[in-house]
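First comes the structure, then the notes that go with it.
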Amino acid sequence: MASFRTFSKNAPYLRQQFLALLGNTSASVKFICIIVFCTYFLSFSETAVRVLSVTPGYLMPPVFWVWTAFTFCFLEIHFWEVCVDIITVGLCGKLIEPLWGAMEMMTFFAIANIGVGILSAVFYLFLYMCTFNTDLLFTVHIHGLAGYIAAVSVAVKQIMPDHLLLKTPIGKLTNRNIPLSVLTMSLILWVVGLLEGTYPTMFTSGLLTSWTYLRFYQRHSNGTRGDMADSFTFSSFFPNVLQPPIAVVSNTIYGSLVKVGICTKPVRKYNVGAPTAITISLPGIDPHDMERRRQIALKDLSERLSKAERQQQQGWPQTERPKSSTGGTSKEMKTGLKSVTIAIPGEEPMPAPKSQLSNVVSVPGVSVSPSVSTSDTPVSLPTIPA
């Protein structure tokens with residue numbers, strides 16, 4: 001009863017934060033969030049859970065419930081998982097959708113979840129072949145957006161890999177550490193008993209599916225496919241100590257798939273440019289770091305411009321023009337010239353400014369002052385008797 005009163009008390013604040021999260025997002029993002037929230041109430045029915053979830057034994061012939069590969073991702077049986085799913089989809093609409101577009105984001109959503117459903121079912125089928133435990137085929141129900149959460153973490157790692165999230169005593173936590181960190185945490189919670197066994201399975205399947213799609217198959221506006229940057233290799237998901245052996249294994253598997261014909265070797269293209277329209281294509285790696293670096297540079301530029309604008313609004317004093325050690329202006333220092341006024345005997349010289357009286361040189365019959373002359377009239381010098 002106390003928890004219900006606490007929830008009702010904080011309901012307006014939660015509603016405000018929820019609307020702020022989903023504000024300025026596409027209709028597809030709002031649709032996914034609404035479906036996930038509504039299907040949560042179907043989780044209280046065992047029949048609905050069995051019909052909407054992927055059951056490994058029912059996904060294969062002769063039953064062949066194919067529709068479950070499309071519906072399982074919208075069903076959650078815990079309310080905290082519903083909240084996590086809505087926050088993840090909302091952040092995806094804020095961060096990824098402006099860069100990719102609504103259509104590409106929905107394509108990524110569909111590919112990641114369908115791949116998670118199929119890979120997870122194949123994994124439990126493999127476990128059944130090893131243990132001959134029929135419960136793995138008919139009592140395991142795969143549902144939820146755990147795989148898509150893993151896919152979003154991979155996409156964020158691709159876009160902003162070095163973005164600092166947290167400083168810890170053992171090191172810095174960046175976006176490149178998130179996928180493996182969340183997977184490790186889910187395994188620990190599963191061992192403790194706070195998570196179902198399907199959660200780490202779906203999360204691992206989401207990592208593999210999303211990385212494969214983003215690495216080799218995603219289409220870009222410049223006509224290229226995938227992201228073959230060195231910072232997005234499979235070994236980059238692991239700590240630096242484990243990267244060399246994992247890179248050897250992953251490169252061997254990739255080379256075998258290229259020889260078989262399942263994967264193709266990427267081609268690096270160079271545009272020579274004007275005056276000739278020649279494009280040179282070389283086999284190798286085509287880095288996709290240019291767009292990532294452009295986004296980082298634009299973010300840095302925006303921060304600097306906003307900082308300069310705040311300083312201008314606060315009315316910072318303008319810096320004075322630098323002066324030379326002799327009291328001249330920067331223009332005089334630049335030209336290296338200084339005009340001299342010579343007073344003629346018999347005529348009263350122009351009084352020098354007070355700031356220059358200390359620099360007047362007294363000579364018998366001649367008065368020299370380092371003041372600037374604005375007149376171009378020639379001056380006749382008197383004859384000084386010997």
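Read-outs: derived from the displayed coordinates by stated rules, not from any lab. Owing to the predicted nature of the structure, the values given are computational and were not obtained by experimental measurement. Note that we place each Cβ from the backbone using ideal geometry, even for glycine, and neighbour counts take in every protein chain shown.
In table form, for the structure just shown:
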quantity: Cβ-based exposure ranking for Trp67, Trp190, in which fewest neighbours within 10 Å come first; calculated: Trp67, Trp190
quantity: Added length on full extension, which subtracts the Cα-Cα distance from 0.36 nm per residue, Val51 to Lys30; calculated: 5.1 nm
quantity: Estimated FRET transfer efficiency when R0 is 51 angstrom, pair Leu91-Thr134 (beta carbons, to 0.05); calculated: 0.80
quantity: Members of Lys157/Lys265; Lys94/Lys307; Lys172/Lys265; Lys167/Lys307 lying beyond 26 Å, as alpha-carbon distances in this model show; calculated: Lys172/Lys265
quantity: Long-range amide H partners of Glu76 with built H, under 5 Å; calculated: Tyr40
quantity: Net charge over other residues, Cβ less than 15 angstrom from the Cβ of Val84 (K, R count +1; D, E count -1); calculated: -4
quantity: Ranking of Cys73, Cys92, Cys38, Cys130 by count of other Cβ atoms within 10 Å, fewest first; calculated: Cys130, Cys38, Cys92, Cys73
quantity: Efficiency of FRET between Lys265 and Leu242 - r from beta-carbon atoms, R0 30 angstrom, step 0.05; calculated: 0.70
quantity: Residues of region 191-216 with amide N under 11 Å of a point placed 7 Å along Cα→Cβ from Leu127; calculated: 196-202
